[in-house]
Amino acid sequence: MPPPQRTFKNSNTPNSNINRPKPKIEKIELSEEDKENIKTIMSGRPPKKLVQRWLKEGVSMHNAEKYYNPPSLEGRLKFIRQKYFNGLCHICQKFPLYKVSYKMGTAALIEYYCEQCFSRMSF
């Protein structure tokens, strides 16, 4: 006799019998300075704080930029993700703009979504 077949219900469907908690939705707000820092880091130029330190130490900008070796693109993305976003979009792995958290007893499930993926989701 074959084993019984398992069925999984999707909690996003209206017929689902799973009581999913209401999500807490937060928009990730970045200041203009943070946005400028992200653009600078992604372009591979030295960050603003590093330039300020060079100027304070009296290093000529020509020599400093000549020997500045920017991290790889993967390293820059990882740095931005850790410093500003704490994660990537749950679906497409882009930088998120929304943080969705579900409180489940003593634990919490946190998911991040970009603008496009968030507009397609139904909570």
Those residues that are β-branched (Val, Ile, Thr) and not in a strand (DSSP E or B), I need them from the range 76-123; list them, please. Ile80, Ile91, Thr106
With respect to Gln52, determine if the residue is modelled with pLDDT of 85 or more and either hydroxyl-bearing (Ser, Thr, Tyr) or more than 30 Å from Pro21 (Cβ to Cβ) (or both). yes
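Rundown of residues vs (1) among the β-branched types (Val, Ile, Thr); (2) more than 30 Å from Lys24 (Cα to Cα), yes/no style:
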{"residue": "Arg45", "(1), (2)": "no, yes"}
{"residue": "Ser72", "(1), (2)": "no, yes"}
{"residue": "Ile110", "(1), (2)": "yes, no"}
{"residue": "Arg120", "(1), (2)": "no, no"}
Quick check on the range 19-78: of everything there that is under 26 Å from Phe95 (Cβ atoms) and polar (S, T, N, Q), which residue is surrounded by the most Cβ atoms within 10 Å (Cβ to Cβ)? Asn37
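The values are calculated or read from the model by the stated rules, or taken from the named source; none is laboratory data. Predicted model only: the values in this text are computed from it and were never measured. We place every Cβ from the backbone using ideal geometry, glycine too, and count neighbours over all the protein chains shown.
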